[in-house]
Amino acid sequence: MSQATARIMICGFCAREFEEDRAQTACGSCLLNGGCRWARCPHCGYENPESPRWMDRLATWVDRHAR
Amino acid sequence: MADGRASCHSAGGTGLPADSSRLRVALVGTPNVGKSALFNRLTGRYVTVSNYPGTSVEISRGAGTLGGEQVEVIDTPGMYSLTGSSEEQRMVRRFLFNGGADVLVQVADAKNLSRMLSLTLQLVELGRPTVLAVNMMDEAVRHGIELDVTRLSTQLGIAVVPIVAVEGSGIEDLKRAIIRGARERAPLPPVYGNGVGTAMRGVGAQLAGQYPIGTTALAALLIQADEEAIAAVRRTEADGGEQVLMTARRLTETFDAPVAYKIALERQQAADDLARGSVSQSRPFGADWGTRLGHALARPSTGIPALLVVLYLGLYKFVGQLGGGTMVDWLERVLFGRHINPFFERLFLGIPWEPVRSLFVGEYGLLTLGVRYAVAVILPIVGAFFLFFSLLEDSGYFPRLALLVDRTFKRLGLSGRAVIPIVLGLACDTMATMVTRTLETKRERVLATFLLALAIPCSAQLGVIMALMAQQPLALSVWLGVVIATFVVIGALGARVLPGEGPVFHMELPPLRRPRLSNVVTKTVARMQWYFLEVLPLFLLASVFIWLGHLTGVFELLSRALGPLVRSLGLPPETATVFLFGFFRRDYGAAGLFDLQRQGVLDVVQVTVAAVTLTLFIPCVAQFLMMLKERGVRTAVAMFVLITPIAFGAGFLLNLVLRSVR
């Protein structure tokens, strides 16, 4: 048994939840093969932009220093 | 399908495990119905997360005590149907078909019960003990919803228990129902009409082997030609399943619609009937303003005026006038005009070789043209556009738009689902062309690809056109009218010419929500970053090609070759360059048009004609490559050959009409 945590995304179109990792399975046939910063919703196919890493780091930094 | 733990269980029996191991209770349901909250209620703290064998989808297992009995509770990923194609749905299906649980507990949202009951029917078809836990009853009561539990339970033949998982209300009743359900015989399968029930029964009657799922569920899969079900039948039946499969084919060949669609329709019909009989509402659902507004946006009588207001305020005023007017003006005139471009000109003044200097600065320089187009013209426009787009996206408007246009799209051989690539096309047509693969039929994929290439401007092009015509509302209306008319007329003709069945569209409407600032900002920045990283290298490359073209004389040659065509549209010779730009990238071409207008080379008719032609003109190189990849060489080249005369023909006619009425 393996433990894992995944970031949950909510699709901007159908509003269903999916794990960001699961989006990669929907991207399997793309030329970029999941190497882009878009997460395709496995339910409806809508392309959701993933937040840039620098924004995630900035948000973490703000969170840490705001406390 | 028949392997794993399946041999321990036979369909139609009780849910008690054959050996002395713990009772296994699986929680099943669509996403966001409170499965995890119920799982925590039933299990307490001892939870393990594991990957189901052969997949990377997580299921959680925990130990619980139900009526003094130790049980194992399994939380499965959310799913809408047992026949879906996502990895989660396949995993849950395999788990259930392999007899992974002794009792199934479907968790359903009390506010949307009719949408949940279709899955209930599929679970009942499996022939395993099933309990329906109707969650969020408190919210349903607030919405004025009343549930006749006894009646629903009798109609379904399973226990129905209203609960509020987050508060723990109804949990003890549910525990008792689970234990009782495990000891009782499995429910009888539902009966469907319109040939579906006959086909299921006919196929089911011929199944002689032992299977881990009920014959109704297996028959439903067989008449849909499900590969796993066919393989199981071939392994199990004495004649290799020949007789059963022949019956399945015979009974479904007269269906007037795809089998999967017919079954889904029958299940939904049965679910609606169940809900009508047991759910009542004392005041109309949607008494709150959000729900009412949500419905109004999807209804043509109110949705179309609302769409026009959204487009006027968002695209015309915000993207066109603010992004394309005020912001571009400042960046171009002040930042680049007074500071950046003069700085680069001075920097390269020392280079004595004119050809080398002109690569970097001057009329077609990498820095003075490529960077200026990307940063001063395109970036503020797409920034404004993406902000507007993210705001609409985060509010839940797009699914309503899909419903609003569904009827019109059907006439074009498309369904409301095609709104996804069409809306994405307004951001980037190349990405949208790739997304057309999510459409259900080949016909729909071809039509959507063609319409994207022909009549859907990308974000930058749309923004630049809004900026070009921000001071000319009449010209903008003409452009919009011609592009929409082309979309509709060519789409309708395409739907007639291309053979195939009409698409079917069904989607669950998510609630309209107040956009969150953090979401909108993150999505806008993410899109801008993606766009800028993609566009800047290409703009620089375009500048190099144009520089090379000038240096070798090829560019002048091509411009001269396009001259007669451009003149026939009533445009000055300089616009030939814009069309050459446009083939490289639509937005680069649009930026060129923007430049010409600001230099006063074009009058209002010429701007309108050029904008229409450029919008309809062949897509950029990247999109064309994607068309080749997605639709194949023959189809993509055929589209290219069709689009060019349509674009120039529309421009030619428009010029004649506008000159005659002027």
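If a residue has to be surrounded by fewer than 19 Cβ atoms within 10 Å (Cβ to Cβ), modelled with pLDDT of 90 or more and either assigned to a helix (DSSP H, G or I) or not acidic (Asp, Glu) (or both) to count, how many in the range B:134-149 make the cut? Summing the residues that are surrounded by fewer than 19 Cβ atoms within 10 Å (Cβ to Cβ), modelled with pLDDT of 90 or more and either assigned to a helix (DSSP H, G or I) or not acidic (Asp, Glu) (or both) in the range B:134-149 gives 1.
The single condition among (1) within 30 Å of B:Ile230 (Cα to Cα); (2) crowded, with 19+ Cβ neighbours inside 10 Å that B:Ala110 does not meet is (1).
Comparison of B:Thr408, B:Thr430 shows that the only residue that is more than 14 Å from chain A (Cβ to nearest Cβ) and of a type in the set (Val, Ile, Thr) is B:Thr408. Taken over the range B:432-445, residues that are of a type in the set (A, V, I, L, M) and in contact with a Gly (Cβ under 8 Å, 6 or more places away or on another chain) amount to 2.
Scanning the range B:173-188 for residues that are out of contact with any Gly (no Cβ under 9 Å at 6 or more places or on another chain) and surrounded by fewer than 22 Cβ atoms within 10 Å (Cβ to Cβ) yields a count of 1.
Inside the range B:458-497, can you point out the residues that are of a type outside the set (A, V, I, L, M, F, W, C) and out of contact with any Leu (no Cβ under 7 Å at 6 or more places or on another chain)?
At the first step, the residues of the range B:458-497 found to be of a type outside the set (A, V, I, L, M, F, W, C) are B:459, B:461, B:463, B:471-473, B:477, B:481, B:486, B:491, B:494, B:496.
Within the range B:458-497, B:Gln461, B:Gly463, B:Gln471, B:Gln472, B:Pro473, B:Ser477, B:Gly481, B:Arg496 qualify.
B:Ala231 - would you say it is closer than 19 Å to B:Lys262 by Cβ and under 33 Å from the mean Cα position of the chain (by Cα)?
On the way: closer than 19 Å to B:Lys262 by Cβ: no; under 33 Å from the mean Cα position of the chain (by Cα): yes.
No: the conditions fail for B:Ala231.
Conditions (1) surrounded by 24 or more Cβ atoms within 10 Å (Cβ to Cβ); (2) within 10 Å of the chain's Cα centre (by Cα), marked per residue:
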position: B:Val405; (1), (2): no, no
position: B:Gly413; (1), (2): yes, no
position: B:Pro421; (1), (2): yes, yes
position: B:Arg437; (1), (2): no, no
position: B:Glu440; (1), (2): no, no
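Listed conditions (1) under 30 Å from B:Val578 (Cα atoms); (2) buried (at least 22 other Cβ atoms within 10 Å of the Cβ) are all met by B:Val375, apart from (2). Here B:Leu152 fulfils each of the conditions (1) surrounded by fewer than 19 Cβ atoms within 10 Å (Cβ to Cβ); (2) within 20 Å of B:Thr30 (Cα to Cα); (3) more than 14 Å from chain A (Cβ to nearest Cβ) apart from (1).
Condition check: modelled with pLDDT of 80 or more, assigned by TED's automatic domain parsing to the domain that holds B:Phe385, within 21 Å of B:Leu401 (Cβ to Cβ) and in contact with a helix residue (DSSP H, G or I) (Cβ under 6 Å, 6 or more places away or on another chain). Does B:Gly481 satisfy that? Working first, answer last.
On the way: modelled with pLDDT of 80 or more: yes; assigned by TED's automatic domain parsing to the domain that holds B:Phe385: yes; within 21 Å of B:Leu401 (Cβ to Cβ): yes; in contact with a helix residue (DSSP H, G or I) (Cβ under 6 Å, 6 or more places away or on another chain): no.
Taking the combined requirement at face value, the residue does not satisfy it.
Given B:Leu593, B:Leu551, B:Leu614, B:Leu602, which one is assigned to a helix (DSSP H, G or I), surrounded by fewer than 23 Cβ atoms within 10 Å (Cβ to Cβ) and of a type outside the set (S, T, N, Q)?
Values: B:Leu593 fails: surrounded by fewer than 23 Cβ atoms within 10 Å (Cβ to Cβ); B:Leu614 fails: surrounded by fewer than 23 Cβ atoms within 10 Å (Cβ to Cβ); B:Leu602 fails: assigned to a helix (DSSP H, G or I).
That would be B:Leu551, the only listed residue that is assigned to a helix (DSSP H, G or I), surrounded by fewer than 23 Cβ atoms within 10 Å (Cβ to Cβ) and of a type outside the set (S, T, N, Q).
How about the range B:347-359: which of its residues are surrounded by fewer than 19 Cβ atoms within 10 Å (Cβ to Cβ), of a type outside the set (A, V, I, L, M) and assigned to a helix (DSSP H, G or I)? Residues satisfying the conditions are B:Glu354, B:Pro355, B:Arg357.
Taken over the range B:379-435, residues that are in contact with a Cys (Cβ under 7 Å, 6 or more places away or on another chain) and among the polar types (S, T, N, Q) amount to 0. Could you tell me which of the residues B:Ile422, B:Ile465 is within 14 Å of another protein chain (Cβ to nearest Cβ) and within 25 Å of B:Met626 (Cα to Cα)? None of the others qualify; the one that does is B:Ile422.
Scanning the range B:446-485 for residues that are polar (S, T, N, Q) and under 22 Å from B:Ala622 (Cβ atoms) yields a total of 3. Answer with yes or no whether B:Val131 is part of a helix (DSSP H, G or I) and either aromatic (Phe, Trp, Tyr) or at negative phi (or both). For B:Val131, the condition - part of a helix (DSSP H, G or I) and either aromatic (Phe, Trp, Tyr) or at negative phi (or both) - is not met.
Quick test for you: out of B:Ala470, B:Ala453, pick the one residue that is part of a loop (DSSP other than H, G, I, E, B) and of a type in the set (Gly, Ala, Ser). Before the answer, list the steps.
On the way: B:Ala453 fails: part of a loop (DSSP other than H, G, I, E, B).
Exactly one residue qualifies, and that residue is B:Ala470.
Within the range B:384-403, can you find the residues that are more than 9 Å from chain A (Cβ to nearest Cβ) and within 15 Å of B:Pro510 (Cβ to Cβ)? Residues satisfying the conditions are B:Leu392, B:Ser395, B:Tyr397, B:Arg400, B:Leu401, B:Leu403.
Of all residues in the range A:44-55, exactly one satisfies the criterion of being of a type outside the set (A, V, I, L, M, F, W, C) and either more than 9 Å from every other protein chain (Cβ to nearest Cβ) or more than 14 Å from the chain's Cα centre (by Cα) (or both), namely A:Arg53. Taken together, B:Gly127, B:Gly168 contain a single residue that is more than 25 Å from B:Gln269 (Cβ to Cβ), small (Gly, Ala, Ser), touching a residue at least 60 places away in the same chain (Cβ under 8 Å) and not assigned by TED's automatic domain parsing to the domain that holds B:Ala257, which is B:Gly168.
For every residue, the table says whether it meets (1) touching a strand residue (DSSP E or B) at 6+ places or on another chain (Cβ under 9 Å); (2) part of a loop (DSSP other than H, G, I, E, B); (3) not assigned by TED's automatic domain parsing to the domain that holds B:Ser153.
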residue	(1), (2), (3)
B:Glu172	no, no, no
B:Arg176	yes, no, no
B:Ile179	yes, no, no
B:Arg201	no, no, yes
B:Gly209	no, yes, yes
B:Pro212	no, yes, yes
B:Ala219	no, no, yes
B:Leu222	no, no, yes
B:Ala225	no, yes, yes
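Of all residues in the range B:387-396, those satisfying the criterion of being closer than 17 Å to A:Cys41 by Cα and either part of a helix (DSSP H, G or I) or among the acidic types (Asp, Glu) (or both) are B:Ser390, B:Glu393, B:Asp394. Taking the range B:630-662 as the range and being under 20 Å from B:Leu439 (Cα atoms) and either surrounded by 14 or more Cβ atoms within 10 Å (Cβ to Cβ) or more than 32 Å from the chain's Cα centre (by Cα) (or both) as the test, the residues that pass are B:Glu630, B:Arg631, B:Thr635, B:Ala636, B:Met639.
The values are calculated or read from the model by the stated rules, or taken from the named source; none is laboratory data. Keep in mind that what you see is a predicted model, and the values were worked out from it rather than measured. Neighbour counts run over all protein chains shown; Cβ positions are idealised from the backbone, glycine included.
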